[in-house]
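In what follows, a single structure is set out as structure tokens and then discussed.
The values are calculated or read from the model by the stated rules, or taken from the named source; none is laboratory data. Only a predicted model underlies this, so the values are computations on that prediction, with no experimental measurement involved. When we count neighbours, we look across all protein chains shown, and the Cβ atoms used for this are built from the backbone with ideal geometry, even at glycine. In case anyone asks, the SASA skips ligands and DNA or RNA and just uses the protein heavy atoms, side chains included. Shrake-Rupley method; radii C 1.70, N 1.55, O 1.52, S 1.80 Å.
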Amino acid sequence: MLIGMVGKPSTGKSTFFKAATLAEVEIASYPFTTIKANHGVGYVKVECIEKEFKIKCSPNHGFCINGHRFVPVDLMDVAGLVQGASEGKGLGNKFLDDLRQADIFVHIVDASGTTDAGGKQTSGYDPCNDVLFLEDELNKWFNNIMVKVWKSFARKAESENINFAEAVARQFSGLKVREEDVKSVLLKLNFTKKPSQWNENEIMNFSSELRKYSKPMIIAANKCDYREAQKNIKKMQDKFSDYMIYPCSADSELALREASKAGLIDYIPGENNFKIIGKINDQQKNALEKIKKDVLDIYGGTGIQEVLNMAVFEFLKYLAIFPVSTSKLTDSKGNILPDCFLMPPGSTALDFAYFLHTDFGKNFVKAIDARTKRALGKSYVLKHRDVLEIVTK
């Protein structure tokens, strides 16, 4: 699973990325600070099962704070997109190629209206324009890839009587297109003509819808603490009701995480408060109070953690699964509840066994629910926060 962060230059993408990962990336207020895609590890927040089992976990990957388990996910911050990127303008070709493997996009929009279409400083800019232009560029990108081979590909699929949805998924697997996505789009559009007879507009409609299904998008309305932001966020929410538009302050989240890392405050990402525990000067105190007043008290959080959680659990519908030994809840080294893994929706107990190790899958006997001690067969469909032991021959 890969979350791709997209948007025009200077919207705060790199700040969002650094806040989510605490990776060392270049941040500056000029276009194209990011030239090559930055890859890093962020974390989604899951209620840990440690309190339920009355033990203290010791994670192998990620970390746990006060019963909140943070599970790693892959993030990618790509170069800023400008109008005409689908035709190679700006860093368009590189930008779009980087996005092929993303499962979901987080579109970082400057909700303050202080950067123009090219990422330069301005005032009074309407961020609704950014939502429209990025959607248009992504749709054109998908269409450009498809239209090159469409006629010959469609004729071949028809002449060989191949399942069309399966054929499209196979042909465009490099874009992570799934057969279910294709079926959903075909059902929605309900075209009467054969695919080989579709005109340019019909191919464009198909590719645009397929892009939306195969690479869903959340809009992170960044700089939510700026003067014009609330008004602009409301405007975007009214105009783009099909999108999840969530207020964010990447600057605030980065400041809080760095203060926490330095031992100055107790802060759990995604929470609406923090506690000062270290010695801070007046400047630091004023900055923290401003974050509390302008962001946390108004929006209930900085939005960064919430957006990552929505991407993984609400949009992609992944499941957090804890593998255990039901008798000891430890691994061979004595680590307590060491792992929590993310599995795709619809995964079974057998899928999970293979995920843990090929031998576990091949020699699968049953799974055991650590809560109820009930035996589960290989076709058992996983549920979020399941706690399972895999029993093998």
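Projected label points at S332 and S241, each 7 Å from Cα along the beta carbon direction, are separated by 5.7 nanometres. Dividing the convex hull volume of the alpha carbon atoms of the chain by its residue count gives 164 Å³ per residue.
Using the Cβ of F313 as centre and a radius below 12 Å, the other residues enclosed give a net charge of 0, where K and R count +1 and D and E count -1.
Legend: translational diffusion of segment 208-333 by Stokes-Einstein, Rh = Kirkwood radius over C-alpha pairs, 10 °C, 1.306 mPa s; D = 93 µm²/s.
Taking all Cα-Cα distances within segment 265-363, those exceeding 16 Å account for 71%. By the rule of a C-alpha distance below 12 Å, with chain neighbours fewer than 8 residues away ignored, the aspartates and glutamates paired with K13 are E26, D77, D110, D251. Of the residues H357, M343, L296, the one whose Cα sits farthest towards the positive end of the charge dipole of segment 245-393 is H357 (charges of +1 on Lys and Arg Cβ, -1 on Asp and Glu Cβ, taken about the Cα centre).
Take every Cα pair under 8 Å whose residues are at least 6 apart in sequence, average their separation, divide by the length of the chain, and the relative contact order is 16 percent. Cβ-Cβ distance of N281 and S325, R₀ of 35 Å, FRET efficiency by 1/(1 + (r/R0)^6): the value works out to about 0.10. Annotation: the antiparallel percentage among DSSP beta bridges lying fully within the chain is about 60. Taking Cβ atoms as reference points and 13 Å as the exclusive limit, the residues near L2 contribute a net charge of -1, counting Lys and Arg as +1 and Asp and Glu as -1.
Normalised by the number of residues in segment 259-317, the mean separation of alpha-carbon contacts (under 8 Å, six or more apart) gives a relative contact order of 30 percent. The percentage of C-alpha pairs in segment 126-193 whose separation is greater than 17 Å is 53%. Report, to the nearest whole %, how much of the accessible area of segment 99-193 belongs to carbon and sulfur atoms, 1.4 Å probe, protein only. Using a 1.4 Å probe with all protein chains present, segment 99-193 comes out at 48 percent carbon and sulfur. What number, rounded to the nearest 500 deg cm²/dmol, is the helix-based mean residue ellipticity at 222 nm of the chain, given -39500 (n - 2.57) per DSSP H run of at least four residues and division by all its residues? Mean residue ellipticity at 222 nm (helix-derived): -10000 deg cm²/dmol. Share of pairwise Cα-Cα distances greater than 12 Å in segment 156-205 is 66 percent (whole percent).
At full extension, Q101 and K366 could sit 92.0 nm farther apart than now, given 0.36 nm per residue minus the alpha carbon distance.
The residues of segment 117-190 expose on average 52 square angstrom of accessible surface per residue, using a 1.4 Å probe on protein heavy atoms.
Straight-line reach from K193: taking Cα to Cα under 20 Å and skipping same-chain neighbours fewer than 8 places apart, the lysines in range are K148, K151, K156, K183. Taking the Cα of N190, stepping 7 Å toward and past its beta carbon, and measuring to each backbone N in segment 204-225: which are under 17 Å? Backbone N within reach: 206. For the pair S173 and K290, a Förster radius of 56 Å applied to the C-beta separation gives a FRET efficiency near 0.70, rounded to the nearest 0.05.
The aspartates and glutamates whose alpha-carbon is closer than 13 Å to the alpha-carbon of K366, local same-chain residues fewer than 8 away aside, are D351, E389. If you run the Gaussian network model on the chain, springs between alpha carbon atoms under 10 Å, then out of L134, L175, L356 the most flexible one is L356. Annotation for I298 and D136: the two label points, set 7 Å from Cα along the Cα-Cβ direction, are 3.0 nm apart.
If you bin all the Cα-Cα distances of segment 114-163 at 10 Å, starting from zero, the percentages per bin are 21, 28, 21, 15, 12, 4. With the convex hull drawn over the C-alpha atoms of segment 331-393, the volume per residue is 92 Å³. Using C-alpha pairs below 8 Å separated by at least 6 residues, the relative contact order for segment 287-360 is 22 percent.
According to the Cα-based calculation, Rg over Rh for segment 229-275 is 1.16, with Rh computed by the Kirkwood formula.
Temperature 20 °C, viscosity 1.002 mPa s: under these conditions the Stokes-Einstein estimate for segment 147-266, based on its Kirkwood radius over C-alpha pairs, is 121 µm² per second.
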